[in-house]
Amino acid sequence: MNIHEYQAKALFEKFGVPAPKGAAAKTPEDFINALAELPEGPTMVKSQIHAGGRGKGVFTDGYKGGVKFCKTKAEAREAATRMLGNTLVTAQTGPAGRKVQTVYFTVASDIKKEYYLAILLDRAASRPVIVASTEGGVEIEKVAHETPEKIFKVVIDPAYGIADFQVRDLVSGLGLAGAEAKNAARLIRALYGMYWDTDAAMVEVNPLITTGSGEVLALDAKVSFDDNALFRHPDIVALRDLNEEDPKEIEASKHALSYIALDGNIACLVNGAGLAMSTMDIIKYFGGSPANFLDVGGGASKGQVVAAFKIILGDPNVKGIFVNIFGGIMDCNVIANGIVDAVREVGLRLPLVVRLEGNNVEAGKATLASSGLTIVSGDSMADAAQKIVKLVA
């Protein structure tokens, strides 16, 4: 689950991570109160959407920049008026863009130098890793490609937590000394504490800055959380902004389904994340294009299968459906009955290819065969993939 910058900054304040003072506004009427919380002078106005590249983005009405530096609060209010309710298009939003429903005002900082700092999970090591660089303010992917030697990492033992020598290594790697070094050390410890205590999946500060007075501040914030741990954090769940999520993905979460929309035309309904990835791969291999990742899990009910079909059909780009089930815990006949009920309920007119294998597979195939519905059976994963690609061509 992702949250907005202004929400992340509120968590930063709670955990003692220093950041420029800011205030959010959701309506034009809020602008006055939000700006009143800030001192007079240079002010930043930031569009709040779940996408990067806001500063380089362009609104659909031609207004340029989702992040603006303003010399005065009056100028900031004018910029916010142009942003709020407008649709911002960035490299990460795609051409459709995202509607700005919140703007965030912050005090403009006196930037001496910009750095990069992030904490995330190193899945290979099964431990948290802190990634840092002296090259902040730009895409870390660009730094990794052009100057990888300027990125360094520190892997944390979760049983011990971040050690003093690791903090010193990070501060030294960033080239900080004196008051900046002490302030950076405090920030790093506080940031790791937040990452750990909130079950965050990633905490990224880009840029982390130093100022002329020796401060070290988190100028920006991008935070996401482990969905599997959200039951422990109802306060964080309350920060979820459904306006920033695909309605189909929201509906899927209500039924405990894992769904991610893609840009193809062959919908996939699969049990198990690994099999789902393989299914998308084999569709591509035979010349097709997957429309989604949809994992119904290892023990889906008939109701979940019906819900999955409705979600799939909510995508107007879908021209065919490929159901690929390997029954381990899953009973193939349960899936088959779910498919039959779903097709009858939604009145499916698209090509449907089903490949069943594993637990109670013969009963499942018999259920499909006796349904009287137009369902194409796949003898193998490759056979089924070729059939659905051919049917939607």
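For segment 21-107, the alpha carbon convex hull comes to 75 Å³ per residue, rounded to a whole number. Of all DSSP beta bridges confined to the chain, the antiparallel ones make up roughly 75%. Only helical runs count toward this figure. For the chain, summing -39,500 (n - 2.57) over DSSP H runs of n ≥ 4 and dividing by all residues gives -10500 deg cm²/dmol at 222 nm. Shown in residue order for segment 262-267 are the 3J(HN,Hα) couplings computed by the Karplus curve 6.51 cos²θ - 1.76 cosθ + 1.60 at θ = phi - 60°: 10, 10, x, 10, 10, 6 Hz (x for Gly and Pro).
Sorting the segments 100-107, 136-143, 44-51 by their residues' average number of neighbouring beta-carbon atoms within 10 angstrom, most packed first, yields 44-51, 100-107, 136-143.
Here segment 246-392 carries DSSP beta bridges of which approximately 20% are antiparallel, counting only pairs with both residues inside. Backbone phi angles across segment 370-385, fed through the Karplus curve with coefficients 6.51, -1.76 and 1.60 (θ = phi - 60°), yield HN-Hα couplings of 8, 6, x, 9, 7, 10, 8, 8, x, 6, 8, 4, 5, 4, 5, 4 Hz in residue order; Gly and Pro are listed as x. Treating each Cα of segment 111-237 as an identical point scatterer and summing with the Debye formula, the log10 of I(q)/I(0) at q = 0.14 Å⁻¹ comes to -0.60.
Let me know the shape class of segment 140-182, please: from the alpha-carbon gyration tensor, a ≥ b ≥ c as square roots of the eigenvalues, rounded when a/c is under 1.5, otherwise prolate if a/b is greater than b/c, or oblate. Taking the square roots of the gyration eigenvalues as a ≥ b ≥ c, segment 140-182 is oblate. Compared with the dominant Cα axis of the chain, that is its longest principal axis, helix 273-285 is turned about 80°.
Read-outs throughout are calculated quantities, based only on the coordinates presented, and are distinct from any laboratory measurement. The shown structure was predicted, so the numbers you read here are calculated from the model rather than taken from an experiment. Quick reminder, even Gly has a Cβ in these numbers, built from the backbone with ideal geometry, and neighbours come from all protein chains shown.
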